[in-house]
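The values are calculated or read from the model by the stated rules, or taken from the named source; none is laboratory data. Quick caveat, the model's predicted, so the values are computed rather than measured. Heads up, the Cβs are rebuilt from the backbone with ideal geometry, glycines too, and the neighbour counts pull from every protein chain shown.
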Amino acid sequence: MRAAVQAALRRAMFFFLLLAATLNCSLEGRGAHAQTLPKEEIEALQQIASKLKIPETLWNFSVNPCTQWIKVDSNYTHNVTCQEITTTTTNATVNTTAWHVVKIVLESNIMQGPIPRGLGKLVELRSLAVYHLKRMSLLHAILMRTFMEGPFPPEFSSLQKLTQLRVTDLKNAGGSFPPIEKLSDLEELDLSFNNLTGEIPKSFENLGRLTTMDISYNTFTDLSSAPPNCEQESRIASCLKKDLPCDGTPKSESVIVDGNEYERDTSVEGTSKYEVSSSGKWAYSSTGYFIGGRSDASFVAEATPLSAIPNAELYKAARLNPLSLKYYGLCLQPGNYTVKLHFAEIVFTSGATFGSLGRRVFDVLIQGNKVLRDFNIVAAANGTGKEVIRNFTALVEVGTLEIHFVWSGKGTNSIPDRGVYGPLISAISVTPGIFHTSCV
């Protein structure tokens, strides 16, 4: 009897120990899973480590990056911070909680090679600290449509081997013209859409190798300080001056741009370009130049007529732009107008080819109101070489209609060739609705 009791106790003890071990393993597994990064973020970190040659002693992928890598508050430099983030679906019905990389610190001068594309896979990255850049022989610095905030980074002035500097669309940037006078090797400069103020320093003349420059869409207060080879006189039509009405009587009750009248817009130029049509009915302004710095880059794409769609001749050519393209209807009577935008993707190809992998994504604003966000012509048309038409109603109050196509930094930029991205528009028609008053 005693032996039977002891045996029963041993079995009970074994069951208890087995249960405890099972619970312990379950809890450990749960904790490890709770702080495990998504597969694509692990792959992104591996790509960053490979490109920048970060040693395994710092980034060891055999352990959990969130819990077993070097902490941010340590004396070491290269480290990663994770955070548990809850996201909600667009219809607000499902909440998803997962761990993500939110901060990366890359210090000291062990960085080698290009900045890896894997950074783009870290969708919740909020802080990227890269120090001692002045020791790097950096030739190109491109920060376009990044939605970064804050003033223009003064550290760029120490990168004296730069030949190309593009920093655009900084939110809440403001401030004066950046101190870049020591960048004597600079050939291409784009500081557009940064709301810079104040004077353009005379030391700007030291940039003797500069061949391409765009400093538009800033608010410089003293243009007399600009270098003497810059044009001082404004050639902007009165209809395009801020808050000013048209001079004289309206030139037309409707304006058609690349539409029914087929007034051709064939100028291949587009880098910081403003041009009024020969009829005086419309104009366009083009800002930006394509990544890659190709001197032969055309701002007009041409293709064989697309016979399978109506009005195929309308889609034989299209205007391209790398950053900001605006079309203006000039001296219109105040009232409502119907704006019809014609699109057809004639640069990318279809089928199982490398050229079919490209994605063109951009936004469209009419009279300052965003009417298309993250617009993808191929997705909307369900293929390349197919017609897409979008109709909108716009109110004209002071004689000028503005249609703005803008690249928001999304999509590809090197397929099928480097520098293929940004807005594409085949034709625009603007027809009148109800007029309110006469233009004075």
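What is the number of the single condition among (1) modelled with pLDDT of 80 or more; (2) over 30 Å from residue 432 (Cα atoms); (3) of a type in the set (D, E, K, R) that residue 296 does not meet?
Residue 296 satisfies every listed condition except (1).
Among residues belonging to segment 183-241 that are modelled with pLDDT of 80 or more and acidic (Asp, Glu), point out the one that is farthest from residue 164 (Cα to Cα).
So, considering only residues that are modelled with pLDDT of 80 or more and acidic (Asp, Glu), the one farthest from residue 164 (Cα to Cα) is 199.
Which residues, taken from segment 367-387, are farther than 15 Å from residue 407 by Cα and of a type in the set (A, V, I, L, M, F, W, C)?
Answer for segment 367-387, where residues must be farther than 15 Å from residue 407 by Cα and of a type in the set (A, V, I, L, M, F, W, C): 378, 379, 380, 381.
Filter segment 161-199 for residues that are part of a strand (DSSP E or B), of a type outside the set (Ser, Thr, Tyr) and either over 19 Å from residue 272 (Cβ atoms) or in contact with a Gly (Cβ under 8 Å, 6 or more places away or on another chain) (or both) and give the result.
Correct list: 164, 171, 188, 190, 198, 199.
For segment 299-309, give me each residue that is out of contact with any Asp or Glu (no Cβ under 7 Å at 6 or more places or on another chain) and either assigned to a loop (DSSP other than H, G, I, E, B) or at pLDDT below 85 (or both).
If the condition is that a residue be out of contact with any Asp or Glu (no Cβ under 7 Å at 6 or more places or on another chain) and either assigned to a loop (DSSP other than H, G, I, E, B) or at pLDDT below 85 (or both), then 303, 304, 306, 307, 308 are the ones that fit.
Just give me the residues in segment 407-427 being surrounded by 22 or more Cβ atoms within 10 Å (Cβ to Cβ) and of a type in the set (Val, Ile, Thr), in sequence order.
Within segment 407-427, 420, 425 meet the criteria.
Let's see how each residue does on (1) surrounded by 22 or more Cβ atoms within 10 Å (Cβ to Cβ); (2) at pLDDT 95 or above; (3) not small (Gly, Ala, Ser):
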site	(1), (2), (3)
331	yes, no, yes
358	no, no, no
362	yes, yes, yes
365	no, yes, yes
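Considering only strands (runs of 3 or more DSSP E) fully contained in segment 322-440, which possess at least 1 residues that are out of contact with any helix residue (DSSP H, G or I) (no Cβ under 9 Å at 6 or more places or on another chain), at positive phi and in contact (Cβ under 8 Å) with a residue 40 or more places away in the chain?
Fully inside segment 322-440 and qualifying: 335-343.
Being β-branched (Val, Ile, Thr), touching a helix residue (DSSP H, G or I) at 6+ places or on another chain (Cβ under 8 Å) and not in a helix (DSSP H, G or I) is the filter here, so list the residues in segment 42-66 that pass it.
54
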